[in-house]
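A.B. asks: For reference, the structure I am asking about is given below.
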Amino acid sequence: MPNTKRRRLVTSVVAVALGSTALAGCGSSDEDSGAASGPVSLTYWTWTPGMDKVVDLWNKGQGKKDQISVTVKKQASGDTLVTKILTAHKAGKAPDLVQAEYQALPTLVSNDALADIAKNVGDAKGKFADGVWQQTTLGTDAVYAVPQDIGPMMFYYRADLFKQYGLTVPATWEQFAETARALKEKAPDTDLTTFSANDSGLFAGLAQQAGAQWWTTAGDKWKVGIADAATKKVADFWGGLVKEGAVDNQPMYTPAWNKALNTGKQIAWVSAVWAPGTLTTAAPDTKGKWAMAPLPQWSNAKNVTGSWGGSSTAVTTDSKHKEAAARFAAWLNTDGDALNALAKESGIYPASSSAQLSGAFTTPPEYFSNQADFYTTAAKIAKTTAPSAWGPNVNVAYTTFKDAFGAAAKDKSDFSAALDKMQSATVADMKKQGFEVSE
């Protein structure tokens with residue numbers, strides 16, 4: 001894309017971020033209204049397993065009544081799907097609906113690929129926690145998607161081993177560090193947890209909890225704050241623990257990590273609500289021995305969590321039936337039957353607050369059968385989700401994190417310096433693409 005055209009695009013998305021206008025292409029032509037005589041057929045790109053069974057409920061029920069049918073087209077997830085959506089949009093052939101991770105929304109919006117559906121989703125906003133809904137609005141009056149699933153972060157620990165070692169579940173990060181050190185004194189070959197440089201999403205969620213705002217706008221320019229005070233605090237905290245050997249420095253999701261969890265050589269994990277599924281595979285011999293608690297806080301006076309994962313359902317600007325598509329997106333993520341089906345067929349943790357305490361979430365995961373209040377606690381934590389601030393090149397930030405923090409974790413060197421590399425690489429990429437970035 002020519003630099004001048006990209007600059008005009010940035011001006012548009014910055015204006016949206018400041019709440020002053022909507023992106024070009026998100027207006028209201030006759031085609032955009034979604035009005036149609038006769039049946040409407042929509043196409044939905046998604047990677048969620050079992051989505052075809054969920055969509056069948058719509059097609060046989062509300063969709064049949066409204067004469068709106070939806071066809072699921074299974075896709076890859078992550079950057080692969082974002083690239084495919086943008087390529088299709090460039091040709092004017094994007095599908096009516098797409099599943100999009102929250103961090104991908106600014107990229108899709110800045111490329112004019114997503115429609116503003118604020119007028120077509122009714123009272124959907126009230127179904128979600130404020131911090132969750134904000135991720136689909138980019139902090140404006142526009143609505144670029146309906147939240148589907150979320151990954152509120154929490155603290156998992158071996159309850160039996162905490163008792164054995166005389167440890168207390170940490171309520172603050174200071175207590176977390178003290179717990180890690182105390183464990184090392186009592187069991188030198190055992191780690192409280194590990195810092196995994198493979199997981200940029202985990203680090204982003206921890207920074208989010210600390211109050212970080214990685215991408216914001218300043219006037220008519222983007223401002224990148226990856227190396228802001230909040231994120232530096234998080235980086236220095238974990239870097240210090242790794243350097244002194246209070247926690248491990250090995251990546252997660254490896255055979256070695258699985259073994260450490262399964263044998264009690266690692267007795268805690270900072271993760272998200274989807275952790276039970278991972279633990280079932282990684283540490284099968286410890287079923288029923290784990291417990292979940294809220295994430296440690298930076299201050300006793302605060303109660304907030306970050307997000308690790310999650311996605312939404314968006315309507316593209318190429319759709320000729322935006323109103324109908326938005327109606328389906330709202331149904332999919334707020335209707336009780338649809339949400340129960342999503343939980344059963346797809347295994348998601350719903351973004352809808354009401355769904356978090358109904359259906360499949362009235363009993364704890366089998367792996368946590370000893371913790372009857374698992375989902376009640378999870379729902380309370382989800383309500384404290386902090387707002388996020390994503391930008392148009394999250395992929396670059398994440399890739400640089402893995403490289404820079406991977407080296408720092410391995411060498412037990414300065415995490416703050418690694419964070420500066422992440423900041424510099426992200427800013428340089430934005431400028432290279434033609435984005436206006438304030439220093």
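A.B. asks: Would you confirm, using the coordinates I've provided, whether Ala291 is over 21 Å from Lys412 (Cβ atoms) and of a type outside the set (Ser, Thr, Tyr)? Working first, answer last.
C.D. replies: Values: over 21 Å from Lys412 (Cβ atoms): yes; of a type outside the set (Ser, Thr, Tyr): yes.
The answer is yes for Ala291.
A.B. asks: Which pairs turn up if I take residues in region 207-231 that are closer than 28 Å to Glu174 by Cα and look for partners that are acidic (Asp, Glu) and open to solvent by 20 Å² or more (accessible area, probe 1.4 Å) with beta carbon separation below 7 Å, at least 6 apart in sequence or on another chain?
C.D. replies: Pairs that qualify, where the first residue is closer than 28 Å to Glu174 by Cα and the partner is acidic (Asp, Glu) and open to solvent by 20 Å² or more (accessible area, probe 1.4 Å), are Ala212/Asp228; Gln213/Asp228; Ala227/Asp420.
A.B. asks: In region 252-267, which residues are in contact (Cβ under 8 Å) with a residue 60 or more places away in the chain and open to solvent by 30 Å² or more (accessible area, probe 1.4 Å)? Write out each step before concluding.
C.D. replies: Our first condition is that a residue be in contact (Cβ under 8 Å) with a residue 60 or more places away in the chain; within region 252-267, this holds for 257, 260, 264-267.
Residue satisfying the conditions is Lys265 alone.
A.B. asks: What are the pairs with Cβ atoms under 6 angstrom where one residue, in region 182-193, is within 11 Å of Lys265 (Cα to Cα) and part of a loop (DSSP other than H, G, I, E, B) and the other, located anywhere, is of a type outside the set (Ser, Thr, Tyr) and open to solvent by 90 Å² or more (accessible area, probe 1.4 Å)? Sequence gap at least six, or different chains.
C.D. replies: Matching pairs, first to second residue: Thr190/Lys265.
A.B. asks: Looking at region 204-216, is at least one residue over 18 Å from the mean Cα position of the chain (by Cα) and crowded, with 18+ Cβ neighbours inside 10 Å? I'd like the intermediate steps shown before the answer.
C.D. replies: First pass over region 204-216, keeping only residues over 18 Å from the mean Cα position of the chain (by Cα): none.
Within region 204-216, none of the residues are over 18 Å from the mean Cα position of the chain (by Cα) and crowded, with 18+ Cβ neighbours inside 10 Å.
This table checks each residue for (1) surrounded by fewer than 23 Cβ atoms within 10 Å (Cβ to Cβ); (2) basic (Lys, Arg); (3) on the phi > 0 side of the Ramachandran plot; (4) touching an Asp or Glu at 6+ places or on another chain (Cβ under 6 Å).
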position	(1), (2), (3), (4)
Phe176	no, no, no, no
Lys184	yes, yes, no, no
Thr193	no, no, no, no
Asp199	yes, no, no, no
Lys221	yes, yes, no, yes
Gly225	yes, no, no, no
Thr231	no, no, no, no
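A.B. asks: Inside region 126-170, can you point out the residues that are open to solvent by 40 Å² or more (accessible area, probe 1.4 Å) and of a type in the set (D, E, K, R)?
C.D. replies: Those that are open to solvent by 40 Å² or more (accessible area, probe 1.4 Å) and of a type in the set (D, E, K, R): Lys127, Asp130, Asp141, Asp160, Lys163.
A.B. asks: Moving on to the next point. Given the criteria closer than 26 Å to Trp390 by Cα and of a type outside the set (S, T, N, Q), does Asp191 qualify? First the steps, then the outcome.
C.D. replies: Working: closer than 26 Å to Trp390 by Cα: no; of a type outside the set (S, T, N, Q): yes.
Criteria not met by Asp191.
The values are calculated or read from the model by the stated rules, or taken from the named source; none is laboratory data. What you see is a predicted model, and the numbers here were worked out from it, not measured in a lab. Counting neighbours? That spans all protein chains shown, and the Cβs are built from the backbone with ideal geometry, glycine included. All accessible areas refer to the heavy atoms of the entire protein, side chains included, with ligands and DNA or RNA removed. Shrake-Rupley method; radii C 1.70, N 1.55, O 1.52, S 1.80 Å.
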